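The structure under discussion appears below in the form of structure tokens.
The values are calculated or read from the model by the stated rules, or taken from the named source; none is laboratory data. This is a predicted model, so every value here is computed, not measured. Cβ coordinates were reconstructed from backbone atoms using ideal geometry, including for glycine residues, and neighbour counts include every protein chain displayed.
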């Protein structure tokens, strides 16, 4: 039987939130405890993804968002087959297979990775074996083909097998024409990582912002592979300029489908907390003193209820100012 809290958090679409659900109901891990034992964290994330249901959100134009296997996955289905944006976590293959089959009999033909992180690329290998050509920004392939350490998780990610590596890469941008849609892939300057891209289904006015947008929760910023708080803010500015009030916006984590208003709230939160933490650092406050000053307090009720808790996010921002 699924614990009700675990089911609720799974529906929010960020697998890290479910790490506690992989432990017993009597022994919940706090976010701080989870990150303190980061080598176990990735295992717990995968354990959660192995049992979490996939929830399908219909967005129109035969595009859906699939929630429940790591980062939010988008799928376009049509005459050119199924085109996936992100791969989720490999242990979700049974649930993902059922969810994809429910969209129709069209084959899986293309997969776009929005960046290198395992909760967006771990499913690459089985999807490639199922027929997907993998497309990504060149930094994604570089990082997937070598050992990559994420210091804040104290974890070394091993290279993907050759079948999981992108076979088609680009530097700045790439345009696809599939299923009657123009699909624009655009690389950011380093933001969440140095490999992030946005994916826009132009005629449908649907845009997948991946991990440059965490809808209603504090984001993780991977300084180990090029991320920064300033880059996240710059990406948010680019995103806001690219969308309209009518755009359907897919977030990497948190509430999977959002609005321009929610994107604006996310950007304003990043700017406000960055300014407060920078001021504390200029005053000579240590990282722990900055955390104790609670610079995120005005936003914690809305954004602070997931695994990137207020203290952890303050430490991430402090590192980059």
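When the residues of segment 65-81 are filtered to those that are crowded, with 24+ Cβ neighbours inside 10 Å and part of a strand (DSSP E or B), which remaining residue is farthest from the chain's Cα centre (by Cα)?
The selected residue is 76.
Taking into account only those residues within segment 110-134 that are free of Cβ contacts under 8 Å to residues at least 40 places away in the same chain and surrounded by fewer than 24 Cβ atoms within 10 Å (Cβ to Cβ), which is farthest from residue 159 (Cα to Cα)?
Checked segment 110-134; the qualifying residue farthest from residue 159 (Cα to Cα) is 130.
Yes or no, residue by residue, for (1) assigned to a helix (DSSP H, G or I); (2) buried (at least 24 other Cβ atoms within 10 Å of the Cβ); (3) more than 15 Å from the chain's Cα centre (by Cα):
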| residue | (1), (2), (3) |
| --- | --- |
| 217 | no, yes, no |
| 224 | yes, no, yes |
| 234 | yes, no, yes |
| 240 | yes, no, yes |
| 245 | no, no, yes |
| 250 | no, yes, no |
| 263 | yes, no, no |
| 266 | yes, yes, no |
| 275 | yes, no, yes |
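Can you name the strands (runs of 3 or more DSSP E) wholly within segment 102-165 that have at least 3 residues being modelled with pLDDT of 95 or more?
Fully inside segment 102-165 and qualifying: 108-112, 133-137.
Within segment 167-189, which residues are touching a helix residue (DSSP H, G or I) at 6+ places or on another chain (Cβ under 7 Å) and buried (at least 21 other Cβ atoms within 10 Å of the Cβ)?
188
Quickly run through segment 195-214 and pick out the residues that are under 10 Å from the mean Cα position of the chain (by Cα) and either over 14 Å from residue 85 (Cβ atoms) or modelled with pLDDT under 95 (or both).
Passing the criteria: only 214.
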